[in-house]
Amino acid sequence: MSAGDPVSAADPVGAARALRHRDWDEQYRTGRWDYLGDPAERYRFTALAGQIHRYAPDSVLDLGCGQGLLYEALGGPAFAGRYVGVDWSAAALPPAARAARAARPARHGFVCADLTRLPLRASFDLAVLGEVLYYLPDPVAALADVDRLLVPGGRLLLSIYRPRPDRPGPWPAAVDALVEALVADGAAHLRTIVEPHHHRRWSFFLRQRRMEGK
Ligand SMILES: C[S@@+](CC[C@H](N)C(=O)[O-])C[C@H]1O[C@@H](n2cnc3c(N)ncnc32)[C@H](O)[C@@H]1O
């Protein structure tokens, strides 16, 4: 979820969690997510990329990477580390794949796969889920799986859209409940950013994988 409800339905929260990759394909094809390229959303991508650069990770796993806009904000082909973007919507990925053809280094890649079933090694310094958790049936369980893809001490960075508390509908309470569950699961609030023109608000959270033996 970001600026608008992800789907219109009597139960938008449940409907968002029920979306399958074909639904996402359809939504990307019909322009539902085009606004992610707008300046207001770029503000978020820039802030998130800045947060990632602060940790100077050697490798980044971008889960639910969509069109690859965070990759661009990280510097695209100029990003010095390893980058793997994962999304299960093939319709989302092509722009990122095209960027690839234009000189993407071999250490950067995009994979079309379900992020909850990734056959990857535990080798990433940092994993990021930007605006993805609302769509997972069990976000906390999914994060435990993502933890396994991180090196010991590796970081998990989360971006969560914060709807205005007076916004009608179930989203404000659903997002509050999600945040509460993340914090109970060990995620720490890093910062909340407010985009200056449209006043969209996002919070970033961080969880670190425990070092071995601690
Ligand atoms: C709202 S978009 C967010 C895109 C981008 N990360 C951002 O920050 O704007 C959510 C993305 O998560 C992807 N997604 C949702 N569930 C997924 C799953 N189980 N496996 C892989 N991708 C998933 C969707 O296809 C979609 O591209």
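For the stretch 16-28, filtered to residues that are modelled with pLDDT of 95 or more and more than 10 Å from the ligand (Cβ to nearest atom), the residue that is farthest from Leu136 (Cα to Cα) is Glu26. Residues that are under 24 Å from Leu143 (Cα atoms), touching a His at 6+ places or on another chain (Cβ under 8 Å) and within 13 Å of the ligand (Cβ to nearest atom) are absent from the stretch 48-59 altogether. Annotation: of all residues in the stretch 119-170 being of a type in the set (D, E, K, R) and within 25 Å of Pro12 (Cβ to Cβ), the one that is surrounded by the fewest Cβ atoms within 10 Å (Cβ to Cβ) is Asp166. Those strands (runs of 3 or more DSSP E) of the stretch 80-185 in which at least 3 residues are within 12 Å of the ligand (Cβ to nearest atom) and in contact with a Phe, Trp or Tyr (Cβ under 7 Å, 6 or more places away or on another chain), considering only elements entirely within it, cover 150-161. Residues of the stretch 12-25 that are over 19 Å from Leu133 (Cβ atoms) and free of Cβ contacts under 8 Å to residues at least 40 places away in the same chain: Arg22 alone.
On the stretch given as the stretch 29-46, residues that are within 11 Å of the ligand (Cβ to nearest atom) and either assigned to a helix (DSSP H, G or I) or closer than 27 Å to Leu149 by Cα (or both) total 7.
Within the stretch 13-43, being of a type in the set (Ser, Thr, Tyr) and in contact with a His (Cβ under 9 Å, 6 or more places away or on another chain) holds for one residue alone: Tyr43.
The values are calculated or read from the model by the stated rules, or taken from the named source; none is laboratory data. A quick note: this is a predicted structure, and the numbers were derived from the prediction, not measured. Backbone-built Cβ (ideal geometry, glycine too); neighbour counts: all protein chains shown.
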